[in-house]
1. Can you show me the helix-derived [θ] at 222 nm for chain A, built from DSSP H runs with n ≥ 4 at -39,500 (n - 2.57) apiece and divided by the number of residues, rounded to the nearest 500.
2. Rounded to two decimal places and with Rh computed the Kirkwood way over Cα pairs, what is Rg over Rh for the protein assembly as shown?
3. Ignore the peptide's own chain and count Cβ atoms of other chains within 10 Å of each Cβ in B:222-228; give me the average, rounded.
4. Taking the DSSP beta bridges in segment A:6-222 as the whole, what percent of them are antiparallel, to the nearest 5?
5. Between B:Y158 and B:D335, with labels modelled 7 Å along Cα→Cβ, what's the label distance in nm to one decimal, could you check?
6. Where both partners of a DSSP beta bridge lie in the protein assembly as shown, what percent of those bridges are antiparallel, to the nearest 5?
7. Please compute the modelled spin-label separation between B:S190 and B:D320, points set 7 Å along Cα→Cβ, answer in nm with one decimal.
8. Mind running the shape call on segment A:210-249? Use the C-alpha gyration tensor, a ≥ b ≥ c as the square roots of the eigenvalues: rounded below 1.5 for a/c, prolate if a/b tops b/c, oblate otherwise.
Amino acid sequence: MSEPVLTIKDLRVSYQTPKGKVRAVDGVSFSLMPSERFGLVGESGSGKTTTALALLRLIKPPGVIESGEVHLAGKNLLSLSEEQMRRVRLAELSMIPQGAMNSLNPVATVNNQIIDGLRDHGVNSPKHVLNERIADLLKRVGLEPSVADMYPHELSGGMKQRVTIAIAISMGPKVIVADEPTSALDVVIQMQVMETLIGLQEELGASLVMIGHDMGLMAQVVSRIGVMYAGKLVEVGTVRDILLSPLHPYTQLLVESLPSMESKLTRTRRPRGIPGITPSLLDLPAGCAFRPRCPKAIEQCSTITPPLEKVRADQWTACHLYGETEKQDGIPAKA
Amino acid sequence: MERPKSKMESLLKLENVTKIFGGGLFNRHRITALENFSMTIDAERPSITALVGESGSGKTTLARLLLGLTRPTTGRVMYMGKDITTLTRRERKDFRRNVQVIFQDPFEVYNPFYKVDHALNLPIRKFKLAQSPEEARDLLENTLRGVGLLPEDTLGRYPHQLSGGQRQRIMVARALLMRPKVIVADEPVSMIDASLRATVLENLRELNRDFGISILYITHDLTTAYEISERIIVLYKGSVAEVGDVESVVQEPEHPYTRLLIRSIPMADPDQKWLGSHTDQDSPFADTLNVAGCKFANRCPHAMTVCVETAPPYFKTATDRATSCYLYEKSPVVDLKDMTRLPDKSPVTS
């Protein structure tokens, strides 16, 4: 059995706010096999984007990575110097940011933006070699070579997102982190861009961490899903297990809230929302953060925070309801 | 509240509306946002209609036209049988009360310096919905409960202290306060979390069922449109591709664009095959940039010569359905305005 390419252990990230410290990511652990696609889902404020940024050590003050380990191909990224980390980004671990509309430099051509990344990582090929490499990259993401000389405002949303994908794969990284890569795109374009991204990820043999809140997209793109709630992973499992036999009451309600295209005339249930509201990270309830909204809460939920434990093969959850089951702690990884 | 004088008067009506942006004699950048669009929202039979389209389909232009925020280039927007540009002051106030809107962004519609109470008290004062402060308070609290919010959790708070879902439900409550006849909801759930979407959609459905308010639900998201509406209008580049009852349009789409749209939706179903399922051939006219005929012809795998030459009329493929596509040319031709309103038992004249 092969070794995981990325392992995250007990990651904690906090932000200092005028009202006190907020822990946006609170003890997140998971690991990723080579060429695996893993999805991180959660409501806004659940800590999924903060987790992604922390992997690349891109948390900016007042945020700090308090503790934890991020192992990528044998190195702990959190103990590297800033210069060593800079070399890892793009080359080994790259990111496709949320909202490609705003992540490109509006006053630089596509060509120059791709070259910037390559030169920063020591690619010193002569101009004509670089130009060929860029034409090839653009072709791989489904763009014409002429796009190289264009500015972002001349491109459509889908084309801009393709440019960010070209940048992300330009150095052949081991892991790509994609933060809602298609949430701003129309559904037909989303499908085309996603097909390009997945095709390239498979071709490179890279692993993908995809962040998002669209369970439909996740179900179709990744093989395993981690569900976050109030800074913690509450469940990790395969797409099939998460959708068809979820363990955590939050995941169960989340799945029940999803819209369905099944005929309204014959289906047995209608999607319904989750009652209550997401708790403020400044004022989390004691014990399990989901307890105030949970229809199945028991006594110890209000005092003891349940740890993330393996309940079934390949399925981990943080919930006291499974207290009697044979459990196993550690880092949720693909079986 | 003024009631329409005649039961036959339609509440809101768009008649052959076209909206062109830009232009002028020498300007090449003319964009037809909406072309020859007609629809009727009836006061007597409250309905939920979904208007679905991608970016650039003209759906937001349509909302703005209906609200009187922009004027049509040609055609008319009518309120109670009268062109909305010719309403008297009194009629205009009546229009503003009876036609409410819920916008997409629950973050931008609030003034951050005021408590949310302000956004709710303003219409009560402006439209004199209550006779005393106590009555106003009662009305407010009942309305908030009506959309599933606890008054003690919401009143007296500033917008930033509430979640996106709560803020959007306050906007639903605000629309409800006025007891309007129609609510234009422009992407009301696209910015709130999935777990709350079902709740806000349920709120809208209750407004329709319990208070007889018609809802025009404007969205890019076919799944929520299917969930909430009875009728659906699919827009593509400013024209209606297909219209009909939502069950048959979604379960058996006819227009090749609607079929593409539905197939492109990733569903939370592990047995759906989404990636790699896009196996359509290119349109034989894929290289034709400006098509005079059907706007979808250069993307349509079924496109024929006639499609690029002449825009297809609406073919009535079932009692309550019409599709603008030559694949259905054996069906009788029908006028759009007869299809974009609830099916009639007795003909409506206005």
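Here, each number is a calculation from the coordinates, and none is a lab measurement. Here the structure is a predicted model, which means the values were calculated and not measured. Cβ sites come from the backbone with ideal geometry, for glycine too, and all protein chains shown count toward neighbours.
1. -8500 deg cm²/dmol
2. Using only Cα positions, Rg/Rh for the protein assembly as shown is 0.98.
3. 4
4. Among the beta bridges of segment A:6-222, antiparallel pairing accounts for roughly 55 percent.
5. Result: 5.6 nm between the two label points.
6. 60
7. Reported label-point gap for B:D320 and B:S190 is 2.7 nm.
8. Oblate is the answer for segment A:210-249, as a/c is 1.5 or above yet b/c matches or exceeds a/b.
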